[in-house]
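Colleague: Dropping a structure here in structure tokens format, bear with me for questions.
Throughout, read-outs are computed from the coordinates displayed, never taken from laboratory work. Nothing here was measured: the structure is a model prediction, and the numbers come from that model. Note: ideal-geometry Cβ built from the backbone for every residue, glycine included; neighbour counts use all protein chains shown.
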Amino acid sequence: MTTRRRFLAHLGATTLVPLTLPVAAARLPRAALTFTEVSRGVDHTHHLPPGYHADVLLRWGDALFDDVAAWRPGFADAVADPLRFGYNNDFVAYFPLGPERSGSRRGLLAVNHEYVTPSMMWPAATTTTRAARARAELSALGHSVVEVRRTTDGWQYVRTPRNRRTTGATPVALTGPAAGHARLRWADDPAGRTSLGILGACGGGKTPWGTVLVAEENFNVYFTGRSNDPLERSRQERYGVGRGTAFAHWAEHEARFRADRNPGAANGYGWVVEIDPYDPVRRAAKRTALGRFKHESANCVLAPDGRVVVYSGDDEMFEYIYRFVSAERFDAGNRAQNFSLLDRGTLSVARFADDGTVHWLDLVHGAGPLTADNGFDDQADVLIDTRRAADLLGATRMDRPEEIETDPVTGIVYVMLTNNTRRTADTTDAANPRAHNVFGHILRLYPPVQTSGIRDHAAPEYRWDIALLAGNPRDPQHGARYPVAVSEHGWFAAPDNCAFDPHGRLWVATDQGRTWGVTGSADSLFACELAPGQEHAGIRRFFRAPLGAEVCGPEFTPDGETLFLAVQHPGVDGVAGARFERPGTRWPDFDDALPARSSVLAITRQDGGPIGG
Ligand code: FEO
Ligand code: CA
């Protein structure tokens with residue numbers, strides 16, 4: 001028994017796993033926002049309202065365990081790199097260690113590491129070999145679980161055996177209907193039941209049984225070459241597999257990245273991965289029942305009968321919105337059983353009708369066009385080629401679906417649509433109404449209300465409307481429309497990640513990418529009072545990121561007094577000539593010996609009290 005195993009065996013007797021976690025806890029009454037709005041603009045650092053404080057909690061390169069060698073930026077260390085906090089932090093989930101108030105002061109932070117930017121990792125004159133760089137880059141990807149505590153000195157992370165790194169090389173189980181299928185087998189995995197690592201860990205979600213869902217998004221860019229088989233090649237092209245060249249050194253180092261020779265290995269990515277943050281040795285699992293596409297997020301809500309519903313967007317221009325409904329019901333008293341809930345159920349895709357109806361179209365083998373005549377021999381084919389199946393069903397092509405969150409008070413579902421500059425006037429529709437949609441928009445979905453007063457997230461039809469069209473409402477050319485007051489600092493573009501706080505207010509983070517010059521402001525986090533009947537309704541900028549960064553997370557502690565934000569790729573996006581030697585900023589350390597570092601912030605009020613007021 002290793003030391004780690006012994007520690008965990010000891011833990012077993014006094015487990016801190018709660019029987020059930022609120023999916024989106026709204027236990028506090030609605031409250032008005034009280035903070036002074038942050039101004040729009042761009043500079044080298046982050047900005048918060050007066051009276052708020054940010055601790056830099058976790059930085060790329062931080063050692064997550066004792067006895068890990070000190071980080072040397074620009075150098076590879078095959079032993080230590082997989083034991084450090086990874087690069088490009090994105091989705092953040094907080095899991096309390098303890099009940100009520102103490103659980104808001106001590107917990108596990110689950111953080112995605114989406115991708116790597118080699119030009120920011122390595123000096124131009126690096127002597128590190130291509131193979132060593134590939135290994136280090138794979139080590140910087142994936143997911144971290146880290147214990148964090150709020151002390152009198154602020155939030156700090158703890159080096160403990162509870163912590164866990166899942167990298168781009170860690171074995172992950174493939175489960176559900178596609179596991180073991182011929183199209184997932186290849187020479188190194190003849191059973192088709194194991195995929196190495198997590199690629200493109202973008203958004204995510206939390207389940208009611210206290211696990212985290214990690215969404216594999218842009219997995220395709222890491223693969224080199226395409227199959228010579230015309231059918232497999234066309235399937236790869238639908239996901240853009242094998243198109244990129246920036247990661248050719250990975251394919252030299254590991255055969256799984258040769259999509260021309262090993263298409264079965266490439267089919268092992270593009271899934272939703274479930275990780276138990278409370279058990280660092282339980283193997284992570286890719287849940288194939290949720291389909292394969294560029295998953296932005298995977299947010300859970302319960303249907304009135306206890307079935308688990310997961311919403312997920314496919315983040316690319318003209319892609320779709322999906323919903324999974326489990327076959328079995330969540331059992332708050334049987335955590336072990338809940339681990340199989342995401343392996344059986346029905347995946348559907350959304351079609352938005354002009355009359356304000358959303359139809360959920362089931363992706364079930366044998367139904368409608370999903371038959372062998374169209375290349376779908378079984379349900380595994382439908383799940384591996386989810387995009388193509390959704391094409392055949394006539395789903396609505398959206399403006400980059402990102403995070404999808406349910407308002408815990410009203411049950412209304414909010415969908416972030418980032419932008420779509422390729423949409424033309426003759427391809428607009430009621431749900432995607434703007435051509436050349438630079439600014440993005442937010443849709444609302446209304447599942448039907450049952451006689452119990454609860455919305456049915458498993459219903460075959462919903463209603464929908466547009467919550468807002470982003471952009472500057474004072475510039476008629478933008479075509480922006482907000483239902484609430486927005487100041488010159490409060491309008492935004494490119495809604496991406498979002499979260500509800502315990503008061504039931506929506507917080508929206510933006511990702512303008514290289515195009516932030518269009519708005520003239522760095523990416524930010526906005527507090528939005530959008531719910532019907534909310535007093536003092538408005539939208540206000542709460543946080544502004546440093547130059548070249550996007551804002552990810554956001555995540556609140558159950559008491560609403562701490563907000564975790566992941567600042568990703570500072571000094572990179574839209575910064576001409578940004579590279580290791582010359583990033584656009586050296587946030588957050590501002591040390592010439594250190595690169596800009598993606599980092600997670602823990603934000604609190606200096607006088608205590610809930611974030612936002
Ligand atoms: Fe990874 Fe959709 O941004
Ligand atoms: Ca969220």
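Colleague: So how much slack lies between Asp354 and Val281, counting 0.36 nm per residue of separation and subtracting their Cα-Cα distance, in nm?
Modeller: Extra length available between Asp354 and Val281 comes to 21.4 nm.
Colleague: A follow-up question, please. When a/c reaches 1.5 or more, the comparison of a/b and b/c decides; with that in mind, is the stretch 469-613 rounded, prolate or oblate per its Cα gyration tensor?
Modeller: oblate
Colleague: Counting other Cβ atoms within 10 Å, keep those with at most 12, restrict to DSSP loop, and tell me which trypsin sites (Lys or Arg not before Pro) in the stretch 84-179 are left.
Modeller: The qualifying sites: there are none.
Colleague: Starting at 0 and stepping by 10 Å, how many percent of the alpha carbon pairs of the chain end up in each bin?
Modeller: With 10 Å bins starting at 0, P(r) equals 3, 18, 30, 29, 17, 4, 0.
Colleague: Still on this structure, I have one more. On alpha-carbon atoms, Rg over Rh for the stretch 284-338 using Kirkwood Rh?
Modeller: 1.02
Colleague: Here is a follow-up. Ranked by Cβ crowding within 10 angstrom, fewest neighbours first, how are Lys286, Lys206 ordered?
Modeller: Lys206, Lys286
Colleague: Let me ask something else. Of the chymotrypsin sites (Phe, Trp or Tyr not before Pro) in the stretch 505-613, which ones lie in a loop per DSSP and count no more than 15 other C-beta atoms within 10 Å?
Modeller: Answer in residue order: Phe590.
Colleague: May I pose another question? Using the count of nearby Cβ atoms within 10 Å as a rough guide to exposure, how do Ile412, Ile539, Ile466, Ile198 rank from fewest to most?
Modeller: Ile466, Ile412, Ile539, Ile198
Colleague: Sort out for me the Cα centre separation of the stretch 464-520 from the stretch 562-604, rounded to whole Å.
Modeller: After rounding, the separation between the Cα centres reads 23 Å.
Colleague: Grab the DSSP H runs of the chain that are 4 residues or longer, score each as -39,500 (n - 2.57), total them, divide by all residues and round the 222 nm result to the nearest 500 deg cm²/dmol.
Modeller: So the calculated ellipticity at 222 nm is -2500 deg cm²/dmol.
Colleague: Among Tyr269, Ala248, Ala285, whose Cα sits farthest toward the positive end of the charge dipole of the stretch 242-285 (+1 at Cβ of Lys/Arg, -1 at Cβ of Asp/Glu, about the Cα centre)?
Modeller: Highest projection toward the positive end goes to Ala248.
Colleague: Which ³J(HN,Hα) values in Hz, rounded to whole numbers, follow from the phi angles of the stretch 326-336 under the Karplus curve 6.51 cos²θ - 1.76 cosθ + 1.60, where θ = phi - 60° and Gly and Pro get x?
Modeller: Values per residue, Gly and Pro as x: 5, 6, 9, 9, 5, 10, 4, x, 9, 4, 4 Hz.
Colleague: How much length would be gained if the chain were fully extended between Glu488 and Val79, taking 0.36 nm per residue of separation minus their Cα-Cα distance, in nm to one decimal?
Modeller: The span from Glu488 to Val79 would gain 142.3 nm if fully extended.
Colleague: Based only on other Cβ atoms within 10 Å, what is the fewest-to-most ordering of Cys552, Cys528?
Modeller: Cys528, Cys552
Colleague: Need one number: nm distance between label points at Arg344 and Arg243, each 7 Å from Cα along Cα→Cβ, rounded to one decimal.
Modeller: Simple spin-label model gives 3.8 nm for this pair.
Colleague: Using alpha carbon centroids, what distance separates the stretch 343-418 and the stretch 45-109, in Å?
Modeller: If we compute the Cα centre of each part, the gap is 35 Å.
Colleague: Ok, one more. Dipole size in debye (nearest 20) for the chain around its Cα centre, Lys and Arg Cβ +1, Asp and Glu Cβ -1?
Modeller: 1040
Colleague: Measure off 7 Å from each Cα along the Cα-to-Cβ vector at Glu100 and Asp607, then give the distance between these two points in nanometres to one decimal.
Modeller: The two pseudo-label positions are separated by 2.5 nm.
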